[in-house]
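Data block below; observations after.
The values are calculated or read from the model by the stated rules, or taken from the named source; none is laboratory data. What you see is a predicted model; the values in this text were computed from it and never measured. Reconstructed Cβ throughout: ideal geometry from the backbone, glycine too, with neighbour counts over all protein chains shown. Side chains are part of the model used for accessible areas, which takes the heavy atoms of the whole protein and leaves out ligands, DNA and RNA. Shrake-Rupley method; radii C 1.70, N 1.55, O 1.52, S 1.80 Å.
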Amino acid sequence: MNDKNFITSGRNTIIHKNRKFDLLVINGNHPVAIVSHAGIGLYKGDMPQKRAEAKKAYQEVVDVSASEVFGEEKTLVFIQALDNKEYKLDYSKVGTASFIKVHQESYL
């Protein structure tokens, strides 16, 4: 059984569902975002090459363009994190303060 630590909703929303694992969100050649139980930020570490390496580090790689996620690169990705906030990753604003923004303070 291949249990994921996230689910997708709609055309561009990722829902983090396991507090123990962090999500590494990849969208083409753009910067990698890390989603943890405490929030979201830019990932500065080395990318795990294999799924087993990621699992040992309590991480899961989420490739937005993979067919089991969205099937294509996205300009906007919404992430519902375990800190009860929904974040917006706007890949048209990479490198600015508007790249990662809180979209909703509480989505529940």
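Tell me, please, whether a residue that is aliphatic (A, V, I, L, M), without any contact (Cβ under 8 Å) to a residue 12 or more places away in the chain and loosely packed, with under 15 Cβ neighbours inside 10 Å can be found in the stretch 63-75.
Yes - at least one qualifying residue is present in the stretch 63-75.
Does E53 meet the test of being modelled with pLDDT of 90 or more and in contact with a Ser or Thr (Cβ under 9 Å, 6 or more places away or on another chain)?
In short, no.
In the stretch 46-69, how many residues are closer than 20 Å to H103 by Cα and over 12 Å from the mean Cα position of the chain (by Cα)?
Total satisfying the criteria: 0.
If the requirement is being under 14 Å from the mean Cα position of the chain (by Cα), over 13 Å from F6 (Cα atoms) and open to solvent by 30 Å² or more (accessible area, probe 1.4 Å), which of these qualifies: Y43, Y87?
Y43
For the stretch 2-22, how many residues are touching a Ser or Thr at 6+ places or on another chain (Cβ under 8 Å) and in contact (Cβ under 8 Å) with a residue 40 or more places away in the chain?
Matching residues across the stretch 2-22 total 2.
Could you list, in sequence order, all residues of the stretch 24-35 that are without any contact (Cβ under 8 Å) to a residue 40 or more places away in the chain and touching a strand residue (DSSP E or B) at 6+ places or on another chain (Cβ under 7 Å)?
Those that are without any contact (Cβ under 8 Å) to a residue 40 or more places away in the chain and touching a strand residue (DSSP E or B) at 6+ places or on another chain (Cβ under 7 Å): L24, I26, V32, I34.
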